[in-house]
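One structure below.
Taken together, the values in this text are just the output of simple stated rules run on the coordinates, not laboratory data. All of these numbers come straight from a predicted model, not from anything done at the bench. Neighbour counts run over all protein chains shown; Cβ positions are idealised from the backbone, glycine included.
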């Protein structure tokens, strides 16, 4: 017996058969995915080339004050450590009793010497008068002898008297010169004693700050072998004596600005390079630079400090140090395509590096030169905070 299917069932079967026998529709190709790479922009900024040096605070010039009079006891002291003194100010006074006694003795000798000079001058005048009389007598005898009135013996006698008178004049002149020399010597001795008396006041040779006082009341002053009576810092000027590696020493010069930071202080002190010493320690390979402080009152002798010396400062294009490869090139990104570009670097300031040639401000670079990209690669540039 033949069984007939309903029309709806027949239609479904035909449709299903057609569905299973037909080929599937082709899939659309997937879009290409580019690697995301961090990039940075070349910026124009102020860069500073710095040299870091460390050392200790020391006086710019130390002045030693010693007595100029020997053997006198110290009577009084007028300056203490830490005092600011002016040039010529009295720091101490020595005893002048012995010197004043010596001066009194010399004054008495001076009176005797002056009397001796006066006596010698009188003797010279007397001798010169006798010489004049003897010369006139000799001349008369010569005139009479020519006329035959006076005998030769009388003429010879007047000649002898004139010669003796001349010798007495010479002797008187020598005595007067000796007396005047003695008088001059006593005057010089008095002047020397007066100078010694004035030097019993120990004065500051320059303005400055007293950093050491070894003088004691009652001590006998001595200029040699012992400690100085006083030690001064000239004008109170302090500076940083800092050590620098030999390679950096050649980059330094007087007049360069510096900033000094003292251990334990948060306030930097401005300064200026005053002197770059010409030699380098053969063992440590360190040279020394002296930096004058603008505000020496903020530090003390012997403190430790660190200086940041500005060697150069200029505004220029700069990129992060990480963007420059070891071969001196960068990876520039133009419309998503990487290009390797050689550059000339300059100042390195912290994490930034000056680009002197090869790039302009506004250009985009791969942030890290070691990224796994090559010349001609296409990337998806992603701006980084770096």
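Assorted remarks:
- Its relative contact order, with pairs defined as Cα atoms under 8 Å and 6+ residues apart, puts the range 97-198 at 50 percent.
- As a proxy for reagent exposure, ranking 337, 289, 40 by other Cβ atoms within 10 Å from fewest up yields 337, 40, 289.
- Take every Cα pair under 8 Å whose residues are at least 6 apart in sequence, average their separation, divide by the length of the chain, and the relative contact order is 28 percent.
- Pair residue 297, residue 245: separation of 7 Å Cα→Cβ label points (nm): 3.9
- Between helix 97-147 and the chain there is an angle of about 50 degrees, using the helix long axis and the longest principal axis of the Cα atoms.
- Taking Cα atoms only, the orientation of helix 7-21 departs from the longest principal axis of the chain by about 40 degrees.
- For the chain, the longest principal axis of the C-alpha atoms and the axis of helix 152-198 are separated by about 40°.
- Added length on full extension, which subtracts the Cα-Cα distance from 0.36 nm per residue, residue 374 to residue 357: 3.9 nm
- Residues residue 282 and residue 321, FRET efficiency given R0 of 30 Å [Cβ-Cβ distance, rounded to 0.05]: 0.35
- Calculated mean residue ellipticity, 222 nm, the chain: -11000 deg cm²/dmol, from DSSP H runs (n ≥ 4) at -39500 (n - 2.57) each, averaged per residue and rounded to 500.
- Efficiency of FRET from Cβ geometry, residue 119 and residue 157, R₀ 22 Å, rounded to 0.05: 0.10
- Note on residue 348 and residue 62: with the Förster distance fixed at 45 Å, the Cβ-Cβ geometry gives a FRET efficiency of about 0.70.
- Placing a label point 7 Å from the Cα of residue 46 along the Cα-to-Cβ direction, the residues of the range 299-316 with a backbone N closer than 19 Å are 308-316.
- Candidate values [x] 4, 12, 11, 10, 10, 8, 8, 8, 7, 6, 5, 4, 3, 2, 1, 1, 1, 1, 1, 0, 0, 0, 0; [y] 5, 24, 35, 26, 9, 1, 0; [z] 5, 20, 26, 22, 15, 9, 3, 0, 0, label of the one derived for P(r) over Cα pairs in 10 Å bins from 0, in percent: [x]
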